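*Asks:* Mind looking over this structure? Questions follow.
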Amino acid sequence: WSREELRTLSVLDLRAPGTAALAPSQMAEADAGGLRFETVHRRKDGTTFPVEVTSQGATLDGVRVLVSVVRDATERKATEEALRESEERLALAIEAAGLGTFHAVPYGRMSWSPRCREIFGIGDAEVPDFEAFLLLVHPDDREQVREAAARWLDVRGDGRYQDRYRCVRPDGSVRWIAANGRARFAEVDGVHRPVQLVGTILDITDLKAVAEVAGTSRWAALRAIA
């Protein structure tokens with residue numbers, strides 16, 4: 001629209017079809033205390049585009065008006081949609097791979113994905129911190145896991161974590177776990193320290209069994225040839 005054309009239009013003329021009904025209530029709320037909202041506007045050629053509106057009531061030269069800033073949100077919306085699609089693809093890939101995921105505060109609160117809980121067989125049981133997690137690890141592997149975690153959190157390292165250990169499920173069954181992760185470091189009160197841990201776990205029990213059988217078969221074949 002040209003400036004002259006815009007001066008002949010009302011707010012409702014700029015709103016896309018289907019959005020005009022909300023305008024009166026939004027204008028009243030903006031006049032009363034200010035409002036920030038999203039809606040859809042239309043161009044002169046009839047095409048529409050998403051906008052973010054910040055509106056505030058004001059009195060100018062004795063006349064009550066609404067002062068509004070309108071931002072074209074097309075690019076932001078496209079970025080958000082691309083991010084959403086990327087996150088969905090990542091979630092599907094993680095699900096297809098059978099990976100469990102977790103994140104934690106170093107030696108503090110842990111959050112596990114449903115698949116992670118399924119692998120350890122704990123359902124909705126709480127795993128509030130690292131020490132509680134260690135109770136799920138096979139007793140013979142706990143010291144190894146503790147040492148691997150210490151290396152993971154060492155600011156002199158690269159923040160990478162990789163370990164293989166056994167867990168003991170509540171039903172007594174033992175599963176082999178492949179764990180991988182990264183630590184994020186930051187300056188806190190002038191000290192460089194780990195502040196966040198993220199990682200994945202994979203149940204490799206069946207893969208390990210297959211590998212062991214295959215290895216045994218190859219050894220038997222070599223003995224037979226000899």
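The values are calculated or read from the model by the stated rules, or taken from the named source; none is laboratory data. Here the structure is a predicted model, which is why all the values come from computation and not from measurement. Cβ atoms come from the backbone with ideal geometry, glycine included; neighbour counts cover every protein chain shown. Ligands, DNA and RNA are stripped out before the accessible areas are found, and what is left, the full protein with its side chains, is counted by its heavy atoms. Shrake-Rupley method; radii C 1.70, N 1.55, O 1.52, S 1.80 Å.
*Asks:* In region 60-139, what trypsin sites (Lys or Arg not before Pro) fall in a loop by DSSP, with at most 13 other Cβ atoms inside 10 Å?
*Replies:* Numbers: sites: Arg64, Arg71, Arg76, Lys77, Arg84, Arg89, Arg109, Arg115, Arg117; in loops: Arg109.
In loop regions of region 60-139 (DSSP not H, G, I, E or B), the sparsely surrounded trypsin sites (Lys or Arg not before Pro) are Arg109.
*Asks:* In whole percent, what relative contact order does region 86-160 give with Cα contacts below 8 Å and a gap of six or more residues? Before the final figure, lay out the partial values.
*Replies:* Values: 52 pairs, mean separation 14.0, N = 75.
Once divided by the residue count of region 86-160, the mean separation gives 19 percent.
*Asks:* Further, regarding this structure: Using only helices, what value at 222 nm comes out for the chain when you add -39,500 (n - 2.57) per DSSP H run of length 4 or more and divide by the total residues, to the nearest 500 deg cm²/dmol? Walk me through the numbers before you get to the answer.
*Replies:* Numbers: 8 runs with 88 residues, N = 226.
About -12000 deg cm²/dmol.
*Asks:* Work out how much length Gln56 to Ala96 would gain on full extension: take 0.36 nm times their residue separation and subtract the Cα-Cα distance, in nm to one decimal.
*Replies:* On the way: separation 40, 0.36 × 40 = 14.40 nm, distance 4.92 nm.
9.5 nm is the gain from fully extending Gln56 to Ala96.
*Asks:* I've got another one for you. Put Val145, Val63, Val188 in order of accessible area, largest first, 1.4 Å probe: what do you get? Walk me through the numbers on the way to the answer.
*Replies:* Numbers: Val145 0, Val63 80, Val188 50 Å².
Descending accessible area places them as Val63, Val188, Val145.
*Asks:* Same structure, new question: In whole Hz and in residue order, list the ³J(HN,Hα) couplings for region 54-61 that follow from phi through the Karplus curve 6.51 cos²θ - 1.76 cosθ + 1.60, θ = phi - 60°; x for Gly and Pro.
*Replies:* Values, residue by residue: 10, 10, 9, x, 7, 10, 10, 6 Hz.
*Asks:* So how far, in whole Å, is the C-alpha centre of region 1-17 from the one of region 44-122?
*Replies:* Centre-to-centre (Cα) distance: 30 Å.
*Asks:* At 1.002 mPa s and 20 °C, plugging the Kirkwood radius over alpha-carbon pairs of the chain into Stokes-Einstein gives what diffusion coefficient in µm²/s? Intermediate values should be presented prior to the final figure.
*Replies:* On the way: Rh = 23.3 Å.
It comes out at roughly 92 µm²/s.
*Asks:* Just how large is the dipole of the chain about the Cα centre, in debye to the nearest 20, putting +1 at every Lys and Arg Cβ and -1 at every Asp and Glu Cβ?
*Replies:* Numbers: 31 positive and 35 negative charges, 108 e Å.
Dipole magnitude for the chain comes out near 520 debye.
*Asks:* OK, next. Distance in nm between label sites at Asp13 and Asp189, each 7 Å beyond Cα in the beta-carbon direction?
*Replies:* 6.2 nm
*Asks:* Divide, for region 2-69, the radius of gyration over alpha carbons by 2.2 N^0.38 Å, where N is the residue count.
*Replies:* Working: Rg = 12.5 Å, N = 68, 2.2 N^0.38 = 10.9 Å.
Cα-based Rg divided by the globular estimate yields 1.14.
*Asks:* Next question. Between Glu29 and Ser86, take the C-beta separation as r, use R0 = 35 Å, and let me know the FRET efficiency to the nearest 0.05.
*Replies:* Values: r = 35 Å, r/R0 = 1.00.
Computed FRET efficiency for Glu29 and Ser86 comes out at 0.50.
*Asks:* At a threshold of 8 angstrom on Cα-Cα distance, excluding pairs fewer than six apart, so keeping six or more, what relative contact order does the chain reach in percent? Numbers along the way, then the final one.
*Replies:* Numbers: 320 pairs, mean separation 26.8, N = 226.
Worked out over the chain, it gives 12 percent.
*Asks:* Cβ under 13 Å from Glu75's Cβ, Glu75 left aside: what net charge do those residues give with Lys, Arg +1 and Asp, Glu -1?
*Replies:* Values: positive: Arg71, Arg76, Lys77; negative: Glu52, Asp72, Glu80, Glu81.
Summing Lys/Arg as +1 and Asp/Glu as -1 gives -1.
*Asks:* Taking all protein chains in place and a 1.4 Å probe, what share, in percent, of the accessible surface of region 59-131 do carbon and sulfur account for? Write out the running numbers ahead of the final one.
*Replies:* Working: 2880 of 5010 Å².
Answer for region 59-131: carbon and sulfur cover 57 percent of the accessible area.
*Asks:* Given the whole protein assembly as supplied and a 1.4 Å probe, what does the accessible area of Thr47 come to in Å², nearest 10?
*Replies:* So the heavy atoms of Thr47 present about 60 Å² to solvent.
*Asks:* Sticking with the crude label model, points 7 Å out along Cα→Cβ, report the distance from Asn180 to Ala211 in nm, one decimal please.
*Replies:* My value for the distance between the label points is 1.3 nm.
*Asks:* Can you put Val210, Val67 in order of accessible area, largest first, using a 1.4 Å probe? Intermediate values should be presented prior to the final figure.
*Replies:* Details: Val210 100, Val67 75 Å².
Solvent-accessible surface, decreasing: Val210, Val67.
*Asks:* Once label points are set 7 Å from the Cα along Cα→Cβ at both Glu5 and Asp158, what is their separation, rounded to one decimal in nm?
*Replies:* 5.9 nm
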